[in-house]
1. Within segment 137-153, track down each residue that is over 11 Å from the mean Cα position of the chain (by Cα) and not β-branched (Val, Ile, Thr).
2. Any residue that is more than 20 Å from Val186 (Cα to Cα) and of a type outside the set (S, T, N, Q) - is there at least one of those in segment 146-158?
3. Can you find, within segment 167-205, the residue that is surrounded by the fewest Cβ atoms within 10 Å (Cβ to Cβ) among those that are part of a loop (DSSP other than H, G, I, E, B) and at pLDDT 95 or above?
4. Pick out, from segment 1-117, the helices (runs of 4 or more DSSP H) lying fully within it that include 3 or more residues that are among the aromatic types (Phe, Trp, Tyr) and touching a residue at least 40 places away in the same chain (Cβ under 8 Å).
5. Is segment 98-121 home to any residue that is surrounded by fewer than 14 Cβ atoms within 10 Å (Cβ to Cβ), closer than 28 Å to Gln160 by Cα and of a type in the set (Lys, Arg)?
6. Would you confirm, using the coordinates I've provided, whether Lys4 is among the basic types (Lys, Arg) and either modelled with pLDDT of 95 or more or within 13 Å of the chain's Cα centre (by Cα) (or both)?
7. In segment 150-168, which residues are touching a helix residue (DSSP H, G or I) at 6+ places or on another chain (Cβ under 8 Å) and among the polar types (S, T, N, Q)?
8. List every residue pair whose Cβ atoms lie under 6 Å apart, where the two residues are 6 or more positions apart in sequence or sit on different chains, the first residue falls within segment 164-192 and is under 21 Å from Ser97 (Cα atoms), and the second residue, located anywhere, is β-branched (Val, Ile, Thr) and part of a helix (DSSP H, G or I).
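The values are calculated or read from the model by the stated rules, or taken from the named source; none is laboratory data. Fair warning: this is a prediction, and the values are worked out from it, not measured in the lab. Cβ placement follows ideal geometry from the backbone for every residue including glycine, while neighbour counts extend to all protein chains displayed.
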Amino acid sequence: MFTKITLLSWPILVTLFAALYKKKQNGPNPLTGGPISTPKSFWLAYTVTTWFFLPFIFLLNPDVIVPLKILISFHLLSWWIRGPLELVMIYKLFNWSPRYGISHDLFHLVGLFVTWVYYYKDLITLTGISLLAHAFILVTIFATIAEISFAYLFLKIRTQQEEKENIYFASDDPKWIFINRLTLTVVIAVMSHLIIQSAYAFFVL
């Protein structure tokens with residue numbers, strides 16, 4: 001029951017977090033990073049909630065097969081090592097660079113893909129919660145590729161002055177329009193996955 005309720009509520013959780021963070025960053029007392037657009041606030045909300053916390057639902061569920069738990073364990077270990085380091089570098093040391101993120105994303109992507117290929121035969125026919133866990137891994141591979149693209153484009157567009165000011169987000173400024181449109185496309189895709197996941201949890205689990 002806990003798994004079903006949590007999966008059902010996840011799209012709402014992401015949406016609320018996105019709205020709150022956009023309000024904070026575009027308000028009078030923002031955190032480091034600069035103003036943020038709606039697509040980017042949704043992307044940040046999605047990655048923080050869905051990459052750091054949602055996998056625990058699958059990892060702790062006894063019905064999820066072991067190969068998927070190994071994949072999810074790698075994912076969690078990778079991100080929970082990066083996450084605290086990135087927070088310190090952004091908010092305390094002020095020396096974070098999207099280049100570090102790209103490097104980690106590439107490592108993470110290769111690790112997920114290689115592990116997935118190794119266990120491929122165990123992942124062909126899945127049902128129930130294991131099917132959802134597998135879908136999460138596949139969507140995460142897609143989303144990680146998207147994250148690399150976002151970071152690369154951000155580095156190409158961000159000015160030296162913005163780098164000195166520790167700007168880490170695309171705002172509503174017209175110069176970010178392509179990144180925002182690309183981000184919106186990916187956000188629609190990953191949020192659609194969360195909604196389908198919720199529907200599956202409601203009707204099947």
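1. Residues satisfying the conditions are Leu138, Ser149, Phe150, Ala151, Tyr152, Leu153.
2. Scanning segment 146-158, I find at least one residue that is more than 20 Å from Val186 (Cα to Cα) and of a type outside the set (S, T, N, Q), so the answer is yes.
3. Across segment 167-205, the extreme among qualifying residues is Asp173.
4. 38-46
5. Within segment 98-121, one or more residues are surrounded by fewer than 14 Cβ atoms within 10 Å (Cβ to Cβ), closer than 28 Å to Gln160 by Cα and of a type in the set (Lys, Arg).
6. no
7. Result: Asn166, single match.
8. Going by the 6 Å Cβ cut-off, the qualifying pairs are Ala170/Ile179.
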